[in-house]
Amino acid sequence: MDENTIVLWNQDGVETTFKKIFSIEIEGERYIMLSPLKDEISLDSIDEEYDDEILVFKLRDSDHGELLVHLKEDECRELTQKCKDLIQRFINNYDD
């Protein structure tokens, strides 16, 4: 398993393997985007992985390590807007 592969267990103990798509820190908050892997897909076949749903989590520290909190749809929209704003500020800095 490479550093971009993450195994998570839900509250029922069901294991799912994910491919890390993207991670970012915005305003002191850390986020990670994961895509569930099908059985034994080659990690090089990224096009197949993107056909699946991408899940967005906020990373939080806990007594047992990092805790992933799944974002709701409205929280994802808010994060998307923050990313757009950050990219626009970046572009504006280089346009000047």
Identity of the residue in the range 6-15, more than 18 Å from Ile54 (Cβ to Cβ) and of a type in the set (A, V, I, L, M, F, W, C), that ends up farthest from the chain's Cα centre (by Cα):
Val14
Just checking, does the range 16-24 include any residue being more than 11 Å from the chain's Cα centre (by Cα), modelled with pLDDT of 85 or more, in a strand (DSSP E or B) and of a type outside the set (Gly, Ala, Ser)?
yes
Only one of (1) within 17 Å of the chain's Cα centre (by Cα); (2) modelled with pLDDT of 90 or more does not apply to Asn92, and that is (1)
Could you list, in sequence order, all residues of the range 52-73 that are over 18 Å from Ile21 (Cβ atoms) and in a strand (DSSP E or B)?
Arg60, Asp61, Ser62, Gly65, Leu67
Kindly indicate the residue of the range 59-74 that is of a type in the set (D, E, K, R) and modelled with pLDDT of 85 or more and also surrounded by the fewest Cβ atoms within 10 Å (Cβ to Cβ) among those meeting that condition.
Asp63
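The values are calculated or read from the model by the stated rules, or taken from the named source; none is laboratory data. Note that the structure is predicted; figures quoted are calculated from it, not measured. For neighbour counting, all protein chains shown are included, and Cβ atoms are generated from backbone atoms with ideal geometry for every residue, glycine included.
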